[in-house]
Amino acid sequence: GSPEALENLGTAAAPLLAGFAFALIGLLLDKGSDMWQPDLALLLLVLAGLLLVYAVEFAFNARRFHVPPGDFLAFAELAKTDGFADKDLRKSQAKWWVEHGVWAGWTRRAYNAGIVVLLAGIAVVLIPKTGPEHMAPLRAAAVLVPLAGAAFELVWWLIWPRLHKDSQ
């Protein structure tokens, strides 16, 4: 399921989030003077958008090296009729799998980093022009929600895999 999950990330989730980041940039360019730190928000949202676009690119490259089992079996049958040695085919499959893993790793890193930076950018956008020290309690809560999401994403990305190595 991992290659399919990666494909969904690269064809649906990352493009949607990148579009959202770039749409927020348009809003900032129009209403930035009403915000606390519009340049910081712009920087975070541009970085998030780029990271998410790169997640799409990396997922595309990972897909180039993924051979579903059914396709591999069909290819193996064709290879036999063409005199291609099974051990050579297995060697090629191993190289493709390693290459897929490299691109999949880059995809996950770009996607996770993009989410962290996007959530941080959203938090900055939500801070009123008067600054964080003058926020009403509900506004402060609204700012803390995406920051908590960014912190959760960091834990999910950086710490969780190390705690659960056996489940990967």
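Within region 137-154, being more than 24 Å from the chain's Cα centre (by Cα) and either at pLDDT below 95 or open to solvent by less than 60 Å² (accessible area, probe 1.4 Å) (or both) holds for A140, A141.
Those helices (runs of 4 or more DSSP H) of region 1-109 in which at least 2 residues are in contact with a Gly (Cβ under 7 Å, 6 or more places away or on another chain) and surrounded by 13 or more Cβ atoms within 10 Å (Cβ to Cβ), considering only elements entirely within it, cover 14-31, 38-64. Is it the case that H164 is modelled with pLDDT under 95, surrounded by fewer than 16 Cβ atoms within 10 Å (Cβ to Cβ) and closer than 27 Å to L29 by Cβ? Criteria not met by H164.
Is region 117-133 home to any residue that is among the β-branched types (V, I, T) and either surrounded by fewer than 20 Cβ atoms within 10 Å (Cβ to Cβ) or touching a Lys or Arg at 6+ places or on another chain (Cβ under 6 Å) (or both)? Scanning region 117-133 turns up at least one residue that is among the β-branched types (V, I, T) and either surrounded by fewer than 20 Cβ atoms within 10 Å (Cβ to Cβ) or touching a Lys or Arg at 6+ places or on another chain (Cβ under 6 Å) (or both).
The values are calculated or read from the model by the stated rules, or taken from the named source; none is laboratory data. What you see is a predicted model, and the numbers here were worked out from it, not measured in a lab. Heads up, the Cβs are rebuilt from the backbone with ideal geometry, glycines too, and the neighbour counts pull from every protein chain shown. Remember, those area values only see protein heavy atoms, side chains included, never the ligands or the DNA or RNA. Shrake-Rupley method; radii C 1.70, N 1.55, O 1.52, S 1.80 Å.
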